[in-house]
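A short worksheet on the structure shown next.
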Amino acid sequence: MSDGVVGLRRRWKLKKSEITEESDDEIFEPETPSNRWKSETTYWLTRVVFLRSLGLIYFVAFLVALNQNKALIGQKGILPATNIMKQYKEYFGESSLSTVLYNCPTLLWFVNLDHLNFYFDAFASMGIVLSLYVLITGAANAIMMTSLWILYHSIVNVGQNWYSFGWESQLLETGFLAIFFCPLFAISSFPRHSPPSIVVIICYRWLIFRIMLGAGLIKIRGDRCWRDLTCMNHHYQTQPVPNPLSYYMHQSPEFLHKLETFGNHIVELLIPFLLFYPRKARIFAGCVQIIFQIILILSGNLSFLNWLTILPSICCFDDRFFQCIFSESSKQDIQRLIHLNKLESRKRKTRSSFMPRSVLSFSLFCLISYLSVPVVLNMLSPGQVMNRSFSPLRIVNTYGAFGSVTKTRTEVIIEGTNGDPYAGNTEWLEYEFYCKPGNTSRRPCLISPYHYRLDWLMWFAAFQNAESNPWFVRFIAKLLLNDEEILALLAKNPFHDTSPPKYIRAQHYKYEYTKLGSEEALAGKWWTRRRIGPYLRPVNLEMLREYLTSRGFEPT
């Protein structure tokens, strides 16, 4: 065999678009599969897996926004975004735009709010397109990730009650770090001059550490049932939006529920410390965290929270771990990149050169360290709070979930009529939500990671009264008009082919699962319910007008 042929076989090149210079020194002999990646730890494949996963979560989040924002925070929504923006303007008075923008970061400050619905659709549509590209290709640059971060910020910060949950801040923090995980301009799964930042990898491990430890501490300091191991006796039945498996898991023997609760404490309070140990311990911790989140996904509809929490755990794994799911050509591309970057690194040592990536990584490390101070102090405090952002940009936040567990489930059932609301024989027709329990014979839904925001807030409303939830009264007023945008949030409108109801009322019920094998279960019922009393007495539009006007809503 000629020397020329041997030379060709031994010379490995990247695509011409990815290599601008070659020299005779850039000759690479591929390692065999048995010793690949054993000499050093790299994260090229990790980044691809992470970006695809983040693309999925962004896609779901923007899809929810596209389908629901007009009804929830649009121009004529239940809580119009213009109301909260007006409050910010009044509070800051003559302050500069930069002050208002910092305290309520949203692109809506730069647009004509008379076309609010158009811009909500535009933000969500752009987010869907960008996130789909990242999901499909596993490639992105800093400009794309910054755009996704700004677009979601623009929705969350005017989302009011509908976007007041911890996973919104968690997605923004995760998305912010992703900006520094990608090259500035290049869009490639394996960008030649942009190896994954080790600082970002460490920051993601720090994120999952805070999420899990914060959740564990808030439980131990909170509800007594977490300490006596009885919380799981209630959780599957009383969580915001149960799924079909929740029904069966609730029926488990008590000793299994105690074991689940004890296991929860191990995963949240002890395992997170292994995230900063050497490779084998770190991989074990990452696997435990991901398995734990999968179990939570299977046992309830907690929006995209648990899917999102898997993301930082991905950064516990390196290329050696992920190589089994990638093609041989992808692995060879990585090996070529490692080789060429080593050559480039040696050349830099022979001459003084400014390394902007190193400066950027160091700056990011300093920023995250500084912003982590109040978060750490909060975790150490006996008065720990959960799901708190210490700055409007939500770059570093504190997290926690289910610090207390409700022991009984109550539901608000909304009914309408065109008859006399006080007559004993009046027929009241029930509205049905997509996932919130209502009809006792309807199977619990399975929607995670998708999220029905109205259904979720109805769970919270059941703990309070109608007067303390202006959004609920506004929602009732919209139902009295048969408002099409609002009715799109419901699974069943009993007045869809008739005139709007003249009166609406809300009843308060206690719900419990039927027992396996019971007469009710055999009859096809998932729930039993018992009426507690009225939640909202019969009202019509005229009766609500003054209340809504006094709280800043335009007359409906």
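Key figures
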{"quantity": "Alpha carbon centroid spacing (whole Å) that separates the stretch 416-488 from the stretch 198-249", "calculated": "28"}
{"quantity": "At most 13 other Cβ within 10 Å, DSSP loop - chymotrypsin sites (Phe, Trp or Tyr not before Pro), the stretch 451-556", "calculated": "Phe463"}
{"quantity": "Accessible surface of the chain, 1.4 Å probe, proportion on carbon and sulfur as whole %", "calculated": "60"}
{"quantity": "Kirkwood hydrodynamic radius of the chain, Cα pairs, Å", "calculated": "26.3"}
{"quantity": "Cβ-derived FRET efficiency at R0 22 Å, Ser391 paired with Leu97, nearest 0.05", "calculated": "0.75"}
{"quantity": "Angstrom value of the Kirkwood radius, inverse mean 1/r, which spans all Cα pairs in the stretch 407-556", "calculated": "16.4"}
{"quantity": "Percentage relative contact order, the stretch 257-312, counting C-alpha pairs under 8 Å, at least six apart", "calculated": "23"}
{"quantity": "Relative contact order (%) - criterion: Cα under 8 Å, at least six apart; region: the stretch 61-127", "calculated": "44"}
{"quantity": "Å² of accessible area per residue within the chain, as computed with a 1.4 Å probe and no ligands counted", "calculated": "46"}
{"quantity": "Whole-number percent relative contact order across the chain, with pairs defined as alpha carbons under 8 Å at least 6 apart", "calculated": "17"}
{"quantity": "Point-to-point label distance, His496-Ser164, nm (Cα→Cβ direction, 7 Å offset)", "calculated": "3.1"}
{"quantity": "For the stretch 447-462, 3J(HN,Hα) per residue [Karplus equation, 6.51 cos²θ - 1.76 cosθ + 1.60, θ = phi - 60°, Hz, x = Gly/Pro]", "calculated": "10, 4, x, 5, 8, 9, 5, 5, 4, 5, 6, 5, 5, 5, 4, 5"}
{"quantity": "Helix-only [θ]222 nm of the chain, DSSP H runs n ≥ 4, -39500 (n - 2.57) each, per residue, nearest 500", "calculated": "-16000 deg cm²/dmol"}
{"quantity": "In the stretch 415-486, the GluC sites (Glu not before Pro) that fall in loop regions by DSSP, at most 13 other Cβ within 10 Å", "calculated": "Glu427"}
{"quantity": "Placed amide H near Arg409: partners under 5 Å, 5+ positions off or other chain", "calculated": "Tyr511"}
{"quantity": "For Asn418, residues with placed amide H under 5 Å, excluding near neighbours", "calculated": "Lys502"}
{"quantity": "Local electrostatic count, Phe209, Cβ distance below 14 Å [Lys/Arg +1, Asp/Glu -1]", "calculated": "+1"}
{"quantity": "For the stretch 95-101, 3J(HN,Hα) per residue [Karplus equation, 6.51 cos²θ - 1.76 cosθ + 1.60, θ = phi - 60°, Hz, x = Gly/Pro]", "calculated": "4, 5, 4, 4, 5, 5, 5"}
{"quantity": "Theoretical FRET efficiency, 1/(1+(r/R0)^6), r = Cβ-Cβ of Ile198 and Lys280, R0 22 Å, to 0.05", "calculated": "0.75"}
{"quantity": "Viscosity 1.306 mPa s, 10 °C: Kirkwood-radius Stokes-Einstein D of the stretch 240-310 over Cα pairs, µm²/s", "calculated": "119"}
{"quantity": "Spatial separation of Cα centroids for the stretch 155-177 and the stretch 110-140, in angstrom", "calculated": "16"}
{"quantity": "The stretch 95-202 - Debye-derived log10 I(q)/I(0), Cα point model, q = 0.15, 0.16, 0.21 Å⁻¹", "calculated": "-0.73, -0.81, -1.18"}
{"quantity": "Where no second cysteine Cβ lies under 4.7 Å, the cysteines concerned in the chain", "calculated": "Cys104, Cys182, Cys203, Cys287, Cys315, Cys316, Cys324, Cys366"}
{"quantity": "Karplus 3J(HN,Hα) series, Hz, for the stretch 127-141 with 6.51 cos²θ - 1.76 cosθ + 1.60 (x for Gly, Pro)", "calculated": "x, 5, 5, 5, 5, 4, 4, 5, 4, 6, 9, x, 10, 6, 10"}
{"quantity": "Formal net charge of residues neighbouring Ala491 (Cβ-Cβ distance under 14 Å; K, R +1; D, E -1)", "calculated": "+1"}
{"quantity": "Radius ratio Rg over Rh of the stretch 484-556, counting only Cα atoms, Kirkwood formula for Rh", "calculated": "1.12"}
{"quantity": "Amide proton proximity set for Tyr535, modelled H, under 5 Å, gap of 5+", "calculated": "Ala506, Gln507, His508"}
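The values are calculated or read from the model by the stated rules, or taken from the named source; none is laboratory data. Since this is a predicted model, take the numbers as computed values, not measurements. With ideal geometry, Cβ positions are generated from the backbone for all residues, glycine too; neighbour counts draw on all protein chains shown. Side chains included, ligands, DNA and RNA excluded: accessible areas come from the protein's heavy atoms. Shrake-Rupley method; radii C 1.70, N 1.55, O 1.52, S 1.80 Å.
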